[in-house]
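Trainee: Submitted below is the structure of interest, expressed as structure tokens.
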Amino acid sequence: MQERIFPLLVRLFDFFTIAFTALFPLINPLGSAMLFLGLAGPADAIVYRRLARRIALYTVLFLMVVDLAGALVLTFFGISLPVIQVAGGLVLASMGWNLLNQPDVPDTAQTSAPSSSLHDLDAKTFYPFTFPLTAGPGCVVVTLTLAAHAEQPSTIESIFSQLGLFLAVVVLCGMVYFAYGYAPALARKVSRQTIHGILRIISFILLAIGVQIFWRGAEVLLREALRIHH
């Protein structure tokens with residue numbers, strides 16, 4: 001029994017690591033919290049935590065819908081897994097490269113937006129606070145790529161891979177909750193240089209993951225091409 005469960009747990013952990021590392025620089029809880037602080041403006045701590053809780057929940061639901069619906073879309077259009085791996089890997093590598101070389105962003109936390117009513121802030125929970133501030137188009141592309149990458153010949157392996165993706169999204173959204181809910185305090189304690197340094201390291205890892213996913217898809221396509229020619 002243990003011999004069957006252990007490889008599945010390893011797969012879950014491996015896919016959790018890949019998904020977390022790929023999505024972290026795009027969701028970027030600390031950096032996005034500074035932008036959220038500027039957009040939300042002056043408000044009570046209770047209001048920030050309420051908004052953060054709703055944004056974190058909406059982000060989980062949004063990315064899971066993308067994950068589940070993405071597989072149906074790929075099936076409908078007849079797009080194979082190796083093609084998605086090649087295209088998605090290139091997108092991931094491009095995102096990692098761009099994030100790695102982007103200039104420092106201005107300190108938007110210091111530019112407070114006008115105070116908004118609770119009703120106005122609640123109306124912005126999904127747009128723009130969840131999409132595109134927290135989970136933008138890049139997260140959609142990455143989630144689709146990860147969902148395709150999670151598909152395995154064995155159903156149980158696919159389930160554990162999807163579970164790893166789900167856990168990564170939940171952990172990231174937990175970080176979003178704390179970062180957004182305590183954004184005013186974070187703005188006073190964490191420097192922009194620290195946030196930027198963390199983002200640089202994760203961006204390089206994202207670049208490497210993109211190359212790895214691209215190569216896995218390209219390897220399958222090359223084998224199929226060589227088999228046809230022979």
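No value in this document is a laboratory result; all are computed from the given coordinates. What you see is a predicted model, and the numbers here were worked out from it, not measured in a lab. Cβ atoms come from the backbone with ideal geometry, glycine included; neighbour counts cover every protein chain shown.
Trainee: What are the extents of the Cα atoms of the chain along their three principal axes, in Å, largest first?
Mentor: Its Cα atoms span 68, 39, 37 Å along the three principal axes.
Trainee: Continuing with this model, one more query. What share of all Cα pairs of region 172-216, in percent, falls into each consecutive 5 Å distance bin?
Mentor: For region 172-216, the binned pair fractions read 5, 18, 15, 21, 17, 10, 8, 4, 1 percent.
Trainee: How many percent of all Cα-Cα pairs in region 123-213 sit more than 22 Å apart?
Mentor: Roughly 42 percent, rounded to a whole number.
Trainee: Still on this model: For the chain, return all DSSP H helices satisfying: extent of Cα atoms along own axis at least 18 Å; mean Kyte-Doolittle hydropathy at least 0.0.
Mentor: Flagged H segments are 2-27, 45-77, 81-101, 137-150, 155-181, 192-229.
Trainee: If you don't mind, another one. In whole Å, largest first, what are the principal axis extents of the Cα atoms in region 131-184?
Mentor: Dimensions of region 131-184 along the principal axes of its Cα atoms: 47, 20, 9 Å.
Trainee: Per 0.36 nm of contour for each residue apart, how much would the distance between Asp122 and Arg223 grow if the chain were fully extended, relative to their Cα-Cα spacing?
Mentor: Additional length available on full extension: 31.1 nm.
Trainee: Right, next: Which residue, Ile201, Ile213, Ile84, tops the fluctuation ranking in a GNM of the chain built on C-alpha contacts under 10 Å?
Mentor: Looking only at Ile201, Ile213, Ile84, the largest GNM fluctuation is found for Ile201.
Trainee: Which of these, Thr194, Thr145, Thr125, has the largest mean-square fluctuation under a Gaussian network model of the chain (Cα springs below 10 Å)?
Mentor: Thr194
Trainee: Right, something else. Within 10 Å of each residue's Cβ, count the other Cβ atoms and sort Ser191, Ser203, Ser80 from fewest upward.
Mentor: Ser191, Ser80, Ser203
Trainee: In a shell of Cβ-Cβ distance under 13 Å around Asp122, excluding Asp122 itself, what net charge do Lys and Arg (+1) and Asp and Glu (-1) give?
Mentor: Computed value for this residue: +3.
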